[in-house]
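Here the structure comes first, spelled out in structure tokens, and everything after it is commentary.
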Amino acid sequence: MDALLKSQPTVFVIFGGTGDLNARKLAPALYNLYLEGWMPDHFAFIGTGRTKLTDNDFRVRVTGDVNKFSRSGQVKDEQWQSFAPNIYYQPADVQDAETYKEFGKKIKALEKEWKAPANVIYYLAVAPNFFPIIAENLAKAGLTEDAGCTRIVIEKPFGHDLASAKELNLLLGRIFQEKQIYRIDHYLGKETVQNIMAFRFANAIMEPLWNRNSIEHVQISVTEQLGVGDRLGYYDGSGALRDMIQNHLLQLLCIVAMEPPVSFSAEEVRNRKVDVLRAMRRFTPDTVREQAVRGQYASGWMEGQQVPGYREEPGANPHSNTETFAAVKFFVDNWRWQGVPFYLRTGKRLHRSASVITIQFKDVPHLIFSPETAETMRQNRLVISIQPEMSIRLQVQAKRPGVDMMLNTVDMVFDYKGTYQSEAPEAYETLLLDVMLGDQTLFMRADQVEEAWDLVMPILTSWQTRTSQNFPNYSADSWGPEDAEALVAKDGFHWFTLPLNGKK
Ligand code: NAP
């Protein structure tokens, strides 16, 4: 435990305190950090929104949220009674500059009570169109002046395209220093994602294999069974490429492809990740057609239930051109990765929900076994499961027991649940703690966000200008459109079946 953190009074101001993100992720994360002794001795969690609530109303509401969504289950009376008095509510319309004075007064009152200045963390869990006005109003109210103790956390999406991301970076840069800005990509807070860095950079055996000499290709799949649900309003203006590939999947790719940083410091790690994005081959209109596939789900049946197609979802545009599936082949043009394809795919209403990175190694240079012996043999694979299974499997060939020589693929497995008794923290717990500690390693720097947008812009532009003629083009409960199969098949590969609770 960090003694400095314990002694540093901290105030979280959560814009969007009455929203879904706070209910499902932020409030439970703060409570779990408290239960595990990570919160400072003096802290406050001030929720805000237009809804008129008293402190007590908000406490009751948060109790219900934590009971419903926390990994630690229902709150225990004694622990909750000591946590709840730290929760406050301040009704405010973020567009009304006057109301920000109330935050200032509240923070001052808390500092007076604690007899110490506080670190103040403004968390923007609101629609992205409010990010600029909140930053500007915080500045107008004089709430951003102390760069040493003020931080701002920006939720995704960070921009809608390259131009808007640059504009937002410019605006934030006028008010805050980069060291105060925490751009969230919650994938980076996941235990299994952080473990990729431990796996790569704390094991000497990996590095000699981790390059174009040994690796044939890489697949990164983040698939969801759910449809668009109640996110339609946001999603229809976004689509799978913006919502998932521009941020989460490209960040996973960066962790797989980055060079070893000199140290595990925020700047070193982020420098090496941005190097990957800068090395990625840019698209032309022709390569977009060859290397990027989009899809939209049709109606169908999922686990015995009939589900509507995307264009039939309540409130949907019956002619929507928005993709709910995207698969893209990327290349990283540097010495380590030249010629190794990275296939990324993501989509909604797919057969299974899973986030998996598979690294397929090259075939043996010469096979000494007969075709019958090697019938079930396959190339080595490293399968890194991020969710729901949390594991790393190295698939190797072994002799099947018996008098004859038959080869079989077996897994060498590191499985979180089997290895550790303690439960992994939620990504938001890790990330909120890092904001309190002032550690930006797992957050996106301005240049990272802009490089990622720059990379996907030709695909976005092409898809916006060319209306898809075949939407909807995949049925619910499938693995996406046929074109996605063709994308890998034309290179001689297939999409790997995603692991489910240890089964392949
Ligand atoms: P949400 O449920 O719609 O909540 C929106 C929040 O904004 C509410 O608390 C609402 O409070 C507040 N709000 C709206 N207009 C306001 C105004 N004029 N002044 C003050 N407050 C206002 O949205 P959400 O799902 O929590 O998402 C919030 C942000 O997190 C979005 O940027 C989203 O992309 C991102 N995000 C969400 C999730 C998730 O799981 N939900 C995951 C990743 C990222 P009142 O109605 O009380 O005004």
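Rule-based calculations on the coordinates, nothing more; no lab input. Keep in mind that this is a model prediction, so the values were computed, not measured. Note: ideal-geometry Cβ built from the backbone for every residue, glycine included; neighbour counts use all protein chains shown.
So for segment 74-162, averaging the separation of alpha carbon pairs under 8 Å that are six or more residues apart and normalising by length, what relative contact order in percent results?
Normalised by residue count, the contact order of segment 74-162 is 31 percent.
Just order 43-53, 362-372 by mean Cβ neighbour count inside 10 Å, highest at the front, would you?
43-53, 362-372
Aspartates and glutamates within cross-link reach of residue 399: Cα-Cα under 14 Å, excluding same-chain residues under 8 positions apart?
Straight-line reach from residue 399, under 14 Å: 372, 375, 411.
Work out the FRET efficiency for residue 57 and residue 36 from their Cβ-Cβ distance, taking R0 = 22 Å, and round it to the nearest 0.05.
Plugging the Cβ-Cβ distance into 1/(1 + (r/R0)^6) gives 0.20.
Between residue 262 and residue 238, what is the label-to-label distance in nm when each label sits 7 Å out along the Cα-to-Cβ direction?
3.7 nm
Let me have the 222 nm mean residue ellipticity of the chain computed from DSSP H runs of 4+ only, each contributing -39500 (n - 2.57), with the sum over all residues rounded to the nearest 500.
-9500 deg cm²/dmol
Taking 8 Å as the Cα distance limit and 6 or more residues as the minimum spacing, I'd like the relative contact order of segment 3-155 as a percentage.
Reported as a whole number, the value is 30 percent.
In nm, to one decimal, how far is the modelled label at residue 408 from the one at residue 207, with both set 7 Å along Cα→Cβ?
3.7 nm
Return the subset of 6/101; 6/105; 25/179; 417/490 for which the Cα-Cα distance in this structure is over 32 Å, preserving the input order.
417/490
Apply 1/(1 + (r/R0)^6) to the Cβ-Cβ distance of residue 178 and residue 335, taking R0 = 22 Å, and write down the FRET efficiency to the nearest 0.05.
My answer for the efficiency is 0.15.
At a 10 angstrom cut-off on C-beta neighbours, averaged per residue, how do the peptides 352-359, 34-41 rank from highest to lowest?
Going from most to least packed, we get 352-359, 34-41.
Quick one: which of 154-161, 172-179 comes out on top by average Cβ neighbours within 10 Å, and what's the full order, highest first?
154-161, 172-179
For residue 422 and residue 147 in one chain, what is 0.36 nm times their gap in residues minus the Cα-Cα distance, to one decimal in nm?
Working it through step by step, the gained length comes to 95.3 nm.
Can you give me the angle between helix 266-279 and the longest principal axis of the chain, using Cα atoms only, in degrees from 0 to 90, rounded to the nearest 10?
So the helix axis and the longest Cα principal axis differ by about 50 degrees.
In Å and on Cα atoms, what radius of gyration and Dmax does segment 3-155 show?
14.8, 41
Could you bin all the Cα-Cα distances of the chain into 10 Å bins starting at 0 and give me the percent of pairs in each, rounded to whole numbers?
In order of increasing distance, the bins hold 4, 17, 27, 26, 17, 7, 2, 1, 0 percent.
Counting only C-alpha contacts under 8 Å and six or more residues apart, can you give the relative contact order of the chain as a whole percent?
Relative CO of the chain lands at 17 percent.
Run the simple label-point estimate for residue 129 and residue 2 please: 7 Å along Cα→C-beta, distance reported in nm.
Inter-label distance under the simple model: 3.6 nm.
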